[in-house]
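This report concerns only the one structure given below.
The values are calculated or read from the model by the stated rules, or taken from the named source; none is laboratory data. Remember, predicted model here, so these are calculated numbers, not experimental data. Cβ placement follows ideal geometry from the backbone for every residue including glycine, while neighbour counts extend to all protein chains displayed.
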Amino acid sequence: MSSAPATSVTAFRASDGYTFYARRYHPVGAPRARLVFLHGIRSHGGWYTRSCAEFAATGCDVHFLDRRGSGLNTAHRGDAPSFRRLLDDVAEYLQAQRAERAGLPTFVAGVSWGGKLAVGLQYRKPGLADGLVLLCPGLVPKVKPGLAVRGLVALASRLRPKRLFPIPLNEPDLFTASVDAQKFIDADPHGLRLATARFLFNSFALDVYLRRAAKRVKVPVLLTLAEHDRIIVNAPTREYVSRFPTETTVIEYAGTHHTLEFEPPGHPWVRDVANWIDARV
């Protein structure tokens with residue numbers, strides 16, 4: 001399309017008083033769908049500007065939420081009271097958007113760790129999404145803290161909940177084989193490198209919650225996987241998604257790495273997601 005989508009950054013106040021930011025990409029003309037992105041544990045909306053603009057150019061009203069304590073959100077850096085609070089942040093944002101434009105089909109796209117929130121939302125607050133897009137979701141991680149570190153995190157979550165621990169994803173080559181993208185990740189001032197014991201413990205607790213959540217996913221799901229993913233394990237991720245009592249579509253991209261955003265321009269993943277949404281609106 002000839003016109004570039006307009007962009008903006010908006011602030012949203014959650015019910016507990018925390019204000020977090022969302023990047024907006026506005027389509028030219030009336031939108032055909034609402035696409036709400038949730039990012040990974042290390043990343044933020046600033047990693048995904050190219051694809052968001054492309055989705056807006058296809059007619060989607062695109063929202064990319066920066067998780068509280070991450071990205072543009074400097075308050076309580078690397079922290080969250082609980083995983084349920086993070087799910088409620090997403091739910092409240094979606095409720096506000098649906099109230100503003102009630103008839104617009106809504107799709108939630110979970111990238112990496114954000115895929116855990118996208119799935120968990122279907123258990124905690126069903127009915128807010130008309131479909132899920134899971135982009136190399138962190139449902140079955142390959143990279144995780146060792147047993148000793150997990151023990152320290154569990155202890156600190158009770159005694160010193162805001163003690164900071166390194167996120168075990170601080171090597172840029174885990175995300176991409178692109179040297180330029182690795183440099184971008186390494187120099188990124190907004191990327192999250194440390195998280196509180198409370199946040200990390202809640203990430204473990206969310207994994208347990210997701211065991212029950214699988215049977216509650218009743219909207220159509222698109223799962224994308226990268227052949228050379230070094231962060232998640234593809235086969236058990238497929239198996240987990242196969243337990244959803246709904247229509248699922250799986251695409252695995254040959255030769256790709258975890259963050260599809262950093263694949264060369266023209267890679268078909270954006271087109272494939274847009275076509276999948278098109279078929280459901």
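The conditions are (1) under 21 Å from residue 44 (Cβ atoms); (2) outside any helix (DSSP H, G or I); (3) modelled with pLDDT of 95 or more, and residue 168 fails exactly one of them. Which is it? Checking residue 168 against (1) under 21 Å from residue 44 (Cβ atoms); (2) outside any helix (DSSP H, G or I); (3) modelled with pLDDT of 95 or more, the one that fails is (3). If you filter the range 193-210 down to residues that are assigned to a strand (DSSP E or B) and of a type in the set (A, V, I, L, M, F, W, C), you find that the one that is surrounded by the fewest Cβ atoms within 10 Å (Cβ to Cβ) is 194.
Considering only the range 64-81, how many residues are in contact with a Cys (Cβ under 8 Å, 6 or more places away or on another chain) and more than 19 Å from residue 261 (Cα to Cα)? Please lay out each step first, then the result.
Here is the first cut: in the range 64-81, the ones in contact with a Cys (Cβ under 8 Å, 6 or more places away or on another chain) are 64.
Filter once more, keeping what is more than 19 Å from residue 261 (Cα to Cα): none.
Counting residues in the range 64-81 that are in contact with a Cys (Cβ under 8 Å, 6 or more places away or on another chain) and more than 19 Å from residue 261 (Cα to Cα) gives 0.
Does any residue of the range 81-98 turn out to be under 23 Å from residue 281 (Cβ atoms), within 12 Å of the chain's Cα centre (by Cα) and not hydrophobic (A, V, I, L, M, F, W, C)? First the steps, then the outcome.
Applying the first criterion (under 23 Å from residue 281 (Cβ atoms)) to the range 81-98 yields 90-91, 93-98.
Add one more test, that the residue is within 12 Å of the chain's Cα centre (by Cα), and what stays is 90.
Those left that are additionally not hydrophobic (A, V, I, L, M, F, W, C): none.
No, the range 81-98 contains no residue that is under 23 Å from residue 281 (Cβ atoms), within 12 Å of the chain's Cα centre (by Cα) and not hydrophobic (A, V, I, L, M, F, W, C).
Looking at residue 235, is it exposed (fewer than 13 other Cβ atoms within 10 Å of the Cβ), part of a helix (DSSP H, G or I) and small (Gly, Ala, Ser)?
Details: exposed (fewer than 13 other Cβ atoms within 10 Å of the Cβ): yes; part of a helix (DSSP H, G or I): yes; small (Gly, Ala, Ser): yes.
Answer is yes for this residue.
Residue pairs whose Cβ atoms lie under 6 Å apart, separated by 6 or more positions or on different chains, with the first residue in the range 257-275 and touching a residue at least 60 places away in the same chain (Cβ under 8 Å) and within 18 Å of residue 45 (Cα to Cα) and the second charged (D, E, K, R) and in a loop (DSSP other than H, G, I, E, B), are 258/229. Within the range 240-256, the set of residues being over 17 Å from residue 130 (Cα atoms) and without any contact (Cβ under 8 Å) to a residue 40 or more places away in the chain comprises 242, 243, 250, 251, 252, 253, 254, 255, 256. Within the range 183-192, the set of residues being in a loop (DSSP other than H, G, I, E, B) and either out of contact with any His (no Cβ under 9 Å at 6 or more places or on another chain) or among the aromatic types (Phe, Trp, Tyr) (or both) comprises just one member, 189. For the range 4-38, taking the residues that are under 18 Å from residue 92 (Cα atoms) and small (Gly, Ala, Ser), the one that is surrounded by the fewest Cβ atoms within 10 Å (Cβ to Cβ) is identified as 17.
Could you pull out the residue among 67, 24, 85 that is in contact (Cβ under 8 Å) with a residue 12 or more places away in the chain and in a loop (DSSP other than H, G, I, E, B)?
67
Residue by residue through the range 110-156, note down the ones that are among the basic types (Lys, Arg) and either free of Cβ contacts under 8 Å to residues at least 40 places away in the same chain or surrounded by fewer than 24 Cβ atoms within 10 Å (Cβ to Cβ) (or both). If you could, list the steps in order and put the result at the bottom.
Here is the first cut: in the range 110-156, the ones among the basic types (Lys, Arg) are 116, 124-125, 142, 144, 150.
Result: 124, 125, 142, 144, 150.
Put simply, of 255, 266 the only residue that is modelled with pLDDT under 95, in a loop (DSSP other than H, G, I, E, B) and more than 18 Å from the chain's Cα centre (by Cα) is 266.
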